[in-house]
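The values are calculated or read from the model by the stated rules, or taken from the named source; none is laboratory data. Note that the structure is a prediction, hence the values are computed from the model and not measured. Counting neighbours? That spans all protein chains shown, and the Cβs are built from the backbone with ideal geometry, glycine included.
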Amino acid sequence: MGLLKLVPAETKIDFIGKRFFAFAFTLLLFFVAIGSLSVMGLNMGIDFRGGILIDATSQAGAVDVHSLRGKMQTLGLGEVALQTFGNENTVLIRVQQQEGGDTANAAAIERIKTALGEGWTYNRSESVGPTVGNELLHDGILATLLAIGAITLYVAVRFEWQFGIAALASTFHDVFVSLGLVSVLGWEFNLTTVAALLLLSGYSVNDTVIVFDRIREDLRRYKQRDLKDIINLSVNATLSRTTMTSGLTMLAILPMLFLGGETLINFTGVITWGIIVGTFSSIYVAAALLLYLPPLRMGRTVQSAAA
C-alpha cells in the first residue's frame, strides 16, 4: 500500500526561480524582529526578573487555576503566573519581585498563603532574586546558541561544510524571527519560551536535513545537471513529506494553542509560528543558500552559478 501523499508526485514548482521574493520576505521578517527587539525589547518573565515562587498542593482535590488566578490578582502584588505542576492537585504560583526587597517578598508570601486559606500543603516557597534571574537568562541564551552550534557541526560532518553553513543560517533564521514574534506580541519571555526555541531549533533542522539528504542523493545521481534544477527537483520530491510532517505537528499543537490558556500561549505560539517559518526556511534559506556557497563536490564535475 502506497504512502499517503498530500502533494502530487509529479509536482514541478520552480522554488528557486521565486527565491528573490522569498528573500525579500525573509528580510522583512528580520527587520520587524530587529525593530521590535530594539524598541520594545522582551517582556521578561519572573524566571528572569526574579520574584516569588510557591509550590502548593491542594488537599481538596483538583485546583481551579482560573478561579485561583482571579483571587491572586486581587492581592495587588503585580504580575502573577499560575500553572498546574506535576498533577492537577499541585499549582505553581509565581509573583513578580516586590519593591522593598526580601522583607516585602516575605510579606507577600504570607499574604498569598492567607488568601489561599486552609487545606494547602506548601512544598516550596521561596524568593528568587534578580541575580538568579540573570543567571537563568544567561544559561538560556547559552543553551540555545550551543544547540544551534551542535546542529551546524552535525550537518557539516554528515554532509559537506556548505550544508552546515546553510543549516546554521536556516536555524538561526527560525529562532530569531520566532523571538521577534514574542517581542511583537508582548508575550512573556521565560524558561518555557526558551524551551520552545530549543524545540524549534531541533524541529527546523529535522526538516532541513530531509531536504539536504535528497539534494545530496540527486547531486550524485545527476552529475551534469545545474544545481538550481537539482534543488528544485529535490524540494519537490520531499514536498509531500514536508507537508505531512508539518501538518501532523500542527494538529498536535493547535488544540493546545487555542485551549491551553495563557499559561501555554507563548510555548504553543512559538512552536506554531516556528513550524511555518521552519518549513519556509528549509526551502528558501537552507536550500537556496547553497547556490551562493562554494561549489559542492559530491563527485560533480560541473559548477553551478547562482545567477
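Within region 38-65, track down each residue that is without any contact (Cβ under 8 Å) to a residue 60 or more places away in the chain and part of a helix (DSSP H, G or I). Ser38, Val39, listed by residue number. So which of Ile271, Ile275, Ile283 is over 25 Å from Thr84 (Cα atoms), at pLDDT 85 or above and either of a type in the set (Asp, Glu) or outside any loop (DSSP other than H, G, I, E, B) (or both)? The unique qualifying residue is Ile275.
From the list Gln162, Gln98, which one is farther than 25 Å from Thr243 by Cβ and at pLDDT below 80?
Answer to the selection: Gln98.
Taking the numbered list (1) closer than 25 Å to Val194 by Cβ; (2) modelled with pLDDT under 85 in turn, Val63 passes all entries but (1). Among the residues of region 174-204, those that are closer than 14 Å to Leu137 by Cβ and hydroxyl-bearing (Ser, Thr, Tyr) comprise Thr192, Thr193. Somewhere in region 196-203, is a residue in contact (Cβ under 8 Å) with a residue 40 or more places away in the chain, surrounded by 20 or more Cβ atoms within 10 Å (Cβ to Cβ) and in contact with a Phe, Trp or Tyr (Cβ under 8 Å, 6 or more places away or on another chain)? Checked region 196-203: at least one residue is in contact (Cβ under 8 Å) with a residue 40 or more places away in the chain, surrounded by 20 or more Cβ atoms within 10 Å (Cβ to Cβ) and in contact with a Phe, Trp or Tyr (Cβ under 8 Å, 6 or more places away or on another chain). Is it the case that region 98-109 has a residue that's part of a strand (DSSP E or B) and closer than 25 Å to Phe189 by Cβ? No: region 98-109 contains no residue that is part of a strand (DSSP E or B) and closer than 25 Å to Phe189 by Cβ. A single entry from Asp207, Asp213 fulfils the requirement of being in contact (Cβ under 8 Å) with a residue 60 or more places away in the chain and acidic (Asp, Glu): Asp207.
I'm checking my understanding of the structure. Among residues of region 118-143 that are at pLDDT 80 or above and not in a helix (DSSP H, G or I), which one is nearest to the chain's Cα centre (by Cα)? Here the residue is Asn123.
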